[in-house]
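Heads up: the structure comes next, in structure tokens.
Every number in this text was worked out from the coordinates using simple rules, so none of it is lab data. If you're wondering where the values come from, they're calculated on a predicted model, not measured in any experiment. A quick note on method: Cβ atoms are made from the backbone with ideal geometry, for glycine too, and the neighbour counts reach across all protein chains shown.
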There are 2 protein chains.
Amino acid sequence: MASKSEMLDLTYLKDKRTEVDRLLDLYLPPVSKYPYRLHEAMRYSVLAGGKRIRPILALTAYEACGGNNPAIIGPASCALEIVHTYSLIHDDLPCMDDDDLRRGRPTLHKKFDEATAVLAGDALHVLSFKLMAQSGSIKVVHELADAIGTGGMLGGQMADVEAEGKENTIDQIRFIHSHKTGALLRGSARIGAILANCDDSELARITDYGEKIGLAFQIIDDVLDVEGEQDKLGKKVGSDSRNQKATYPAVVGIERARKEAHQLLADAIDISQSLNGNGERFVLIAKFIGQRDS
Amino acid sequence: MASKSEMLDLTYLKDKRTEVDRLLDLYLPPVSKYPYRLHEAMRYSVLAGGKRIRPILALTAYEACGGNNPAIIGPASCALEIVHTYSLIHDDLPCMDDDDLRRGRPTLHKKFDEATAVLAGDALHVLSFKLMAQSGSIKVVHELADAIGTGGMLGGQMADVEAEGKENTIDQIRFIHSHKTGALLRGSARIGAILANCDDSELARITDYGEKIGLAFQIIDDVLDVEGEQDKLGKKVGSDSRNQKATYPAVVGIERARKEAHQLLADAIDISQSLNGNGERFVLIAKFIGQRDS
């Protein structure tokens, strides 16, 4: 595990992020094309910046497993960022978390309007399947659907809504986090590996890695909502507590939350050592998640 | 074209509808499975009845083109009804059409709540891609994405939202209708044909047929909103006019609207005659759309 003080060489992540940003711009429909407003809204949300962790995970797993065809992994990896953005847009809606700020800018329904936000979320959702299908593999279309369906992300979102304002056990929070956030991160790593035709044992290890960092990612999100800086986060801190959200710190306290996240990342780093080729890239991603302040 | 007085033998449509209802029940996640509330909401909306025109169109095209594998067309045809239901749920939301009644029952956000309606719509959206992928054909995943993306249904929905309360030309209304409703009906016929490996000229005719009945279907919807009966429709009549929606009757009057719908259906029936095998089933579907009162 990287301590806060360990300096990480982030060149790899920055390069990949630049590449992902370029592809996202390419795959999103242009504003010059009708329906203008819908395309503008989609681009506003997707191109607002972001760490691009999900596409980077897919790219890293793909390359680690020997994949080398940008025409396959390009659209598939961007599909993962696009589906993530759709989930944020719908999550921010007044009837959901009712958030005004995202990535330092007004949320989509604030900048445009609620109807446009519902439709732009839906449009990104479709686009993610369109791009995933461009990989030519029906297997990863299934993977995406499983990661974001009621057995994955949407199941976690529903549980999250239902848990608000209630007493929750740590098992319930773990369910919410591993589904709402974990399932898509895990799915991203798996999709990269599957597209590179990795073998079953390698896929099992990558799945395990994805699961650990997926859960850690959301616990750290909870911790940052308590002690992060609004300027860096680009969204209001303390909103979980105000909204009586089910979080790790609320149930086990901030210290135990941080400790569990770090243990999960340490486990992920252990798994990285056993992965074929480019294990150090998986280590870097885990360490980066541990150090993130936004 | 069938006049109102012509008695149609609806046995074929009823049999197919029964089969589709059985499959929908099978493919929807059970209420006994967590997240219970989300699964309950999905089933509430999909199993509320409905004409099942989209799956029937797909089944009819599939069989007309020689397809005979229920394991392929079953999930694909149900995907079309499920994606249609998702679009109705999101369309009914307070920030969209704000409708309280659908198929004679409270709309989903009225029966449950808004957050659940957003998530259940999203969950049906994912499920439709999952089922479409079960056909094993990446081609029809693309077809579905094209039919419901910003170049299809969602483009029409956005245009519809933007057109509210404005003066609209007949070309604008035609764009809205052919995209918002037409694209998925056209796509349903195409998906059935593609899954049966039909040849290009047959696909072109089926596409043409789907386009005609797709536009006619929405014009008749507009007409029913003016002069239909609430009990039969299962939703409030006159809501288009109250909401200042862009409709055919609003722009060209009820008589010309009815005339254009009937002309489109007459054209669709002409095309049916030129289709290989089961042409009479396509004729029946067109006549049924012309006679529908719900």
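Odds and ends about this structure:
- Segments B:260-266, B:94-100 sorted - mean Cβ within 10 Å per residue, highest first: B:260-266, B:94-100
- Shape call, region A:1-97: gyration tensor on alpha carbons, a/c limit 1.5: oblate
- The mean sequence distance of close C-alpha pairs (under 8 Å, at least 6 residues apart), as a share of the length of region A:139-293, puts its relative contact order at 24 percent.
- Residues A:SER274, A:SER135, A:SER294, sorted so that the one with the fewest Cβ neighbours within 10 Å comes first: A:SER274, A:SER294, A:SER135
- Left without a cysteine partner by the 4.7 Å Cβ rule in chain B: B:CYS78, B:CYS95.
- Nearest-first distances (nm) between copies at A:VAL252, label 7 Å from Cα via Cβ: 6.5
- Put simply, when A:32-40, A:141-149 are sorted by average Cβ atoms within 10 angstrom per residue, most first, you get A:141-149, A:32-40.
- For B:GLN230, inter-copy label distances in nm, listed shortest first [label point 7 Å out on the Cα-Cβ vector]: 4.8
- Annotation note: GluC sites (Glu not before Pro) in region B:158-237 located in DSSP loop regions with a Cβ neighbour count of at most 14 within 10 Å are B:GLU164, B:GLU167, B:GLU229.
- Candidate cross-link partners of A:LYS14 among the lysines, defined by an alpha-carbon separation under 27 Å and a same-chain spacing of 8 or more, comprise A:LYS4, A:LYS51, A:LYS130, A:LYS180, A:LYS212, A:LYS232, A:LYS235, A:LYS236, A:LYS287.
- The other copies place their A:THR169 label points at 6.4 nm from this one, listed shortest first, where each point is 7 Å from Cα along Cα→Cβ.
- Prolate/oblate/rounded call for region B:11-291, Cα gyration tensor, a/c under 1.5 rounded: oblate
- Per-residue average of Cβ from other chains inside 10 Å of A:25-33: 1
- Shape class of the protein assembly as shown from the Cα gyration tensor (axes a ≥ b ≥ c, square roots of the eigenvalues): prolate, since a/c reaches 1.5 or more and a/b is larger than b/c.
- Scalar couplings 3J(HN,Hα) for region B:90-97, obtained by applying the Karplus form with A = 6.51, B = -1.76, C = 1.60 to θ = phi - 60°, are 5, 5, 7, 4, x, 7, 9, 7 Hz; x denotes Gly and Pro.
- Mean Cα-pair separation over length for chain B, i.e. relative contact order, pairs under 8 Å, 6 or more apart, %: 22
- Inter-chain Cβ neighbour average for residues A:147-159, partner chain, 10 Å: 6
- Restricting region A:97-190 to trypsin sites (Lys or Arg not before Pro) in coil, as DSSP defines it, with at most 11 other Cβ within 10 Å: A:LYS166
- The string of couplings for region B:288-294 from the Karplus curve (6.51, -1.76, 1.60, θ = phi - 60°) is 4, 4, x, 9, 4, 10, 8 Hz, one whole number per residue in order, with x for Gly and Pro.
- Exercise: per-residue mean of other protein chain Cβ atoms within 10 Å, A:111-120: 5
- Protection proxy ranking, highest mean first, for peptides A:45-58, B:7-20: A:45-58, B:7-20, where packing is the per-residue count of other beta-carbon atoms within 10 Å, averaged.
- Rounded to whole Hz, the Karplus (6.51, -1.76, 1.60) HN-Hα couplings of region B:32-40, x for glycine and proline: 6, 9, 5, x, 3, 4, 5, 5, 4
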